[in-house]
Protein chains: 2
Amino acid sequence: MKLTAGMALPRRKTSEKLLMGPGPSNVSARVLSALGEPIIGHLDADFLDIMTETKELLQYVFQTENELTLALPGTGSAGMEAAWANTVLPGDKVIVCVHGVFGQRMTDVASRYGAEVIKVESPMGKPIDPEMLAAAIKANPDAKIVGIVHAETSTGVLQPMDEIAKLTHDAGMFLLVDCVTSLGGVEVPVDKLAFDMTYSGTQKCLNCPPGLAPMTVSKPMADWIRARQIPVKNWYLDLNMIMRYWGEDRFYHHTAPINMIYALNEALRIILEEGIEKRWERHWANARRFWGALEAMGMKLVVEEKYRLPSLTTYYTPDGVNEAAVRNYLMDKYKIEIGGGLGELKGKIHRVGLMGVNSDPARMALFIAALGDALKAQGCKCDVNAALDIING
Amino acid sequence: MKLTAGMALPRRKTSEKLLMGPGPSNVSARVLSALGEPIIGHLDADFLDIMTETKELLQYVFQTENELTLALPGTGSAGMEAAWANTVLPGDKVIVCVHGVFGQRMTDVASRYGAEVIKVESPMGKPIDPEMLAAAIKANPDAKIVGIVHAETSTGVLQPMDEIAKLTHDAGMFLLVDCVTSLGGVEVPVDKLAFDMTYSGTQKCLNCPPGLAPMTVSKPMADWIRARQIPVKNWYLDLNMIMRYWGEDRFYHHTAPINMIYALNEALRIILEEGIEKRWERHWANARRFWGALEAMGMKLVVEEKYRLPSLTTYYTPDGVNEAAVRNYLMDKYKIEIGGGLGELKGKIHRVGLMGVNSDPARMALFIAALGDALKAQGCKCDVNAALDIING
């Protein structure tokens, strides 16, 4: 369409939908309303107060006392970029654990900053075996960083972190952790296990629109970044400048995404009101019922129960069912969005998020009823009654 | 303050203010309301339609038919980063024109990607002299790119581009232009002068919150980027992947800042309704009155009239006046934000933006009255009557 002056365009098609895919998740009215608060300057004293409070709220949600805790001006992917850009020097050896698409992406990002990447791999749907990491560390004692995804959004695996953290620190290496799909839904033991570099996104369990990357950096890692002699090969995400904007200097670097910070502030307040531990418990309790319900319908879950991520469930679609047709049916008839598989799981699985406000029995019941209907339309009958009984306890 | 579960925090201090600094500018209620529309998925067919329409609106505002036109998921600074990250190979020679802080920043950004930077400099407050660029091109015929700031936010200079563009193209080099403070307020002659790489921000003359960087790339530049053999040393801003998300592939790269895209879409619709040429005329007409009014008050403008930027005016504060105290007075009493000087102009000048909705006689009159009052409080009397008469025609 050729646009000309004075032309009025049709309404944007932005109706309410139930976003139970791998993200973005739904955003509550309180957060949408915060987004629309009047804009003030990025160096206005009132805005600086909002930044300080947002930093304290992020420390609460990350359960950390790390001084260097902030929100980067980009999506969760910018968090991954900043994590590697700031910590790698050209030629550094790093170990990256790959058990899905986002671990694989880490190898790409780290390589672009000149890292020599040693991969530790697990098949999609399984966590990283600590013994394999131990072997990689033994073979590469000169590696500087171990990078790993805590919650693999491509598979629904929650990586146990205790042994991984111990092995990394015993070897004197830094631990870099992707918590995009865990923060705010599952415990992220930043201080407890001494994660050195941890980042997340806003559009998963925080129920805030995408556009910011919460990040927290341990003191040893922050000291290393401050002391690095070679400039960070990324001006926009250079923590040595960004930390001065979030710190007491209030040094001008970029113009903060002001209204997005309002939204994040409100989303974090909602978590504080609920209490982070209660929120984790809610995610676990609802997920367990959800898994039971899916199994009662005859679905086979992708991940073994002890490694399952409460905020994102994956199951194989039944043989003979066109998984994309099921997703289209759910969107067309119920306005429910879920995700399909990525990589080698494409066409084989569904990914369903129970993130923040969507970790909710009513929404789970609606999804189960809708899925039963969609499968029936594909000639596949399931026991929806039994599944709903499990959700309703 | 130690945050604990269940704690309720005081209201965020986000009241209406008049943002007449160098940005962010005010955002209209229509755009704030668009920000708060319900979130839908970043691969939802309805969202892809919004992206396509936003791309067409950006083509209209950039006055270009460039196929590669999009909004990057970061602020205007991310636009600068992406411009250099995608076009520089390590060891490339580039010429950067420096007539203020943002030209200086270009030299830093380009260097981080391995460019050998040749600087062409003008004093702050003056534009680049094309003869100096011609000399630099003659001395460096192997340079690949000429980078320049169209509207220097640190000084209020509007760089004439005709000769710069001709010199660059005659030498077979690519032209990279920063239009952060011109787009939507002053003509950005992308196709007319064949700019190769052009980027902007949303928080200036577009009257949209900060968080996105509109960008448009010429066909020769896009072809060069597609053909480059060395991967872009920045995964997040790699146009070879991002162009596939904005193009027909709809390849997943990052999760678009969905609600920010709604806001940009609405802000661009407002420009379409007014008509881009009318908008430029309005910015020029209001700026000329504003300059006359300031001069009637006895202010000395920093930039010679023929190089003045309509969207950002700079003047020296009178001798003996504490410029920061004036700005604080304007904020405390009138809730008006303006900017101070940067670099060598720090403490000497004010920067006042008339951007988009703020290029408006009523807001100009309020500012003039408030400035007169603030200067009086500093013991400096000005002829406010004469200034207001000029604004009122």
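The values are calculated or read from the model by the stated rules, or taken from the named source; none is laboratory data. All values reported here derive from a predicted model rather than from experimental measurement. Methodologically, a virtual Cβ is constructed for each residue, glycine included, from the backbone with ideal geometry; neighbour enumeration extends over all protein chains shown.
With over 30 Å from residue A:146 (Cα atoms) and either more than 8 Å from chain B (Cβ to nearest Cβ) or more than 22 Å from the chain's Cα centre (by Cα) (or both) as the only criterion, which of A:250, A:244 stands out?
Result: A:250 is the single residue among A:250, A:244 that is over 30 Å from residue A:146 (Cα atoms) and either more than 8 Å from chain B (Cβ to nearest Cβ) or more than 22 Å from the chain's Cα centre (by Cα) (or both).
Quick check on this structure: which one of B:149, B:190, B:186, B:177 is more than 13 Å from the chain's Cα centre (by Cα) and closer than 23 Å to residue B:68 by Cα?
Being more than 13 Å from the chain's Cα centre (by Cα) and closer than 23 Å to residue B:68 by Cα holds for just one of B:149, B:190, B:186, B:177, which is B:190.
Just the residues that are at the interface with chain A (Cβ under 9 Å from one of its Cβ atoms) and either among the aromatic types (Phe, Trp, Tyr) or in contact with a strand residue (DSSP E or B) (Cβ under 8 Å, 6 or more places away or on another chain) (or both), please, taken from region B:40-71.
Answer for region B:40-71, where residues must be at the interface with chain A (Cβ under 9 Å from one of its Cβ atoms) and either among the aromatic types (Phe, Trp, Tyr) or in contact with a strand residue (DSSP E or B) (Cβ under 8 Å, 6 or more places away or on another chain) (or both): B:40, B:41, B:44, B:47, B:59, B:60.
Checking the conditions here, which among A:64, A:54 is hydroxyl-bearing (Ser, Thr, Tyr), surrounded by fewer than 24 Cβ atoms within 10 Å (Cβ to Cβ) and at pLDDT 95 or above?
A:64
Taking helices (runs of 4 or more DSSP H) that fall entirely within region A:98-200, which contain at least 2 residues that are assigned by TED's automatic domain parsing to the domain that holds residue A:339 and modelled with pLDDT of 95 or more?
Per the criteria, no element qualifies.
Which residue pairs have Cβ atoms closer than 9 Å, lie 6 or more positions apart in sequence or on different chains, and pair a first residue in region A:359-388 that is over 10 Å from residue A:293 (Cβ atoms) with a second residue that is among the aromatic types (Phe, Trp, Tyr) and surrounded by fewer than 20 Cβ atoms within 10 Å (Cβ to Cβ)?
Note: pairs meeting the criteria are A:366/A:334; A:369/A:334; A:370/A:334; A:373/A:334; A:374/A:334.
Since residue A:283 meets every condition but one in (1) more than 30 Å from residue B:12 (Cα to Cα); (2) more than 14 Å from every other protein chain (Cβ to nearest Cβ); (3) surrounded by 22 or more Cβ atoms within 10 Å (Cβ to Cβ), which condition does it not meet?
Against the list (1) more than 30 Å from residue B:12 (Cα to Cα); (2) more than 14 Å from every other protein chain (Cβ to nearest Cβ); (3) surrounded by 22 or more Cβ atoms within 10 Å (Cβ to Cβ), residue A:283 comes up short only on (1).
When region B:264-303 is examined, which residues are found to be in contact with a Leu (Cβ under 8 Å, 6 or more places away or on another chain) and farther than 24 Å from residue B:53 by Cβ?
B:283, B:286, B:287, B:290, B:291, B:293, B:294, B:295, B:297, B:301, B:302, B:303
Quick one: which residue in B:37, B:16 is within 7 Å of another protein chain (Cβ to nearest Cβ) and out of contact with any helix residue (DSSP H, G or I) (no Cβ under 8 Å at 6 or more places or on another chain)?
Selected residue: B:16, the only one of B:37, B:16 that is within 7 Å of another protein chain (Cβ to nearest Cβ) and out of contact with any helix residue (DSSP H, G or I) (no Cβ under 8 Å at 6 or more places or on another chain).
Inside region B:19-34, can you point out the residues that are more than 7 Å from chain A (Cβ to nearest Cβ) and either under 13 Å from residue A:13 (Cα atoms) or hydroxyl-bearing (Ser, Thr, Tyr) (or both)?
B:25, B:28, B:34
Determine which single condition residue A:84 fails, assuming it passes every other condition in (1) touching a Phe, Trp or Tyr at 6+ places or on another chain (Cβ under 6 Å); (2) surrounded by fewer than 24 Cβ atoms within 10 Å (Cβ to Cβ).
Just one mismatch for residue A:84, condition (2).
Sort through A:366, A:354 and tell me the only one that's surrounded by fewer than 18 Cβ atoms within 10 Å (Cβ to Cβ) and touching a strand residue (DSSP E or B) at 6+ places or on another chain (Cβ under 8 Å).
On inspection, the qualifying residue turns out to be A:366.
Output the residues belonging to region A:217-263 that are among the hydroxyl-bearing types (Ser, Thr, Tyr) and part of a helix (DSSP H, G or I).
A:245, A:262
Conditions tested, residue by residue: (1) of a type in the set (Lys, Arg); (2) closer than 24 Å to residue A:263 by Cβ; (3) touching an Asp or Glu at 6+ places or on another chain (Cβ under 6 Å).
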{"residue": "A:192", "(1), (2), (3)": "yes, no, no"}
{"residue": "A:200", "(1), (2), (3)": "no, yes, no"}
{"residue": "A:211", "(1), (2), (3)": "no, yes, no"}
{"residue": "A:214", "(1), (2), (3)": "no, yes, no"}
{"residue": "A:218", "(1), (2), (3)": "no, no, yes"}
{"residue": "A:224", "(1), (2), (3)": "no, no, no"}
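I'd like to verify a number: residues in region A:221-240 that are exposed (fewer than 12 other Cβ atoms within 10 Å of the Cβ), within 28 Å of residue A:61 (Cβ to Cβ) and touching a residue at least 40 places away in the same chain (Cβ under 8 Å), how many?
0
When only residues in region B:119-142 that are surrounded by fewer than 17 Cβ atoms within 10 Å (Cβ to Cβ) and either within 14 Å of chain A (Cβ to nearest Cβ) or hydrophobic (A, V, I, L, M, F, W, C) (or both) count, which is farthest from the chain's Cα centre (by Cα)?
B:139
Got at least one residue in region B:165-172 being within 14 Å of another protein chain (Cβ to nearest Cβ) and acidic (Asp, Glu)?
No; the residues of region B:165-172 include none that is within 14 Å of another protein chain (Cβ to nearest Cβ) and acidic (Asp, Glu).
Being within 10 Å of another protein chain (Cβ to nearest Cβ) and either touching a His at 6+ places or on another chain (Cβ under 7 Å) or not hydroxyl-bearing (Ser, Thr, Tyr) (or both) is the filter here; which residues of region B:253-266 pass it?
Selection gives B:253, B:254, B:255, B:256, B:257, B:258, B:259, B:260, B:261, B:263, B:265, B:266.
So which of B:266, B:277 ends up being at pLDDT 95 or above, in a helix (DSSP H, G or I) and surrounded by fewer than 21 Cβ atoms within 10 Å (Cβ to Cβ)?
Result: B:277 is the single residue among B:266, B:277 that is at pLDDT 95 or above, in a helix (DSSP H, G or I) and surrounded by fewer than 21 Cβ atoms within 10 Å (Cβ to Cβ).
For the subset of region B:90-116 comprising residues that are among the charged types (D, E, K, R) and within 14 Å of another protein chain (Cβ to nearest Cβ), which member is nearest to residue A:254 (Cα to Cα)?
Per the criteria, the residue is B:105.
Please work out if residue A:323 is in contact with a His (Cβ under 8 Å, 6 or more places away or on another chain) and either among the acidic types (Asp, Glu) or modelled with pLDDT under 95 (or both).
yes
Can you name the condition, by its number, that residue A:212 falls short on among (1) farther than 22 Å from residue A:265 by Cα; (2) within 14 Å of another protein chain (Cβ to nearest Cβ); (3) buried (at least 24 other Cβ atoms within 10 Å of the Cβ); (4) aliphatic (A, V, I, L, M)?
Here residue A:212 clears every test but (1).
Would you check if there is a residue in region B:24-36 being among the aliphatic types (A, V, I, L, M), surrounded by fewer than 24 Cβ atoms within 10 Å (Cβ to Cβ) and not in a loop (DSSP other than H, G, I, E, B)?
Yes: region B:24-36 contains one or more residues that are among the aliphatic types (A, V, I, L, M), surrounded by fewer than 24 Cβ atoms within 10 Å (Cβ to Cβ) and not in a loop (DSSP other than H, G, I, E, B).
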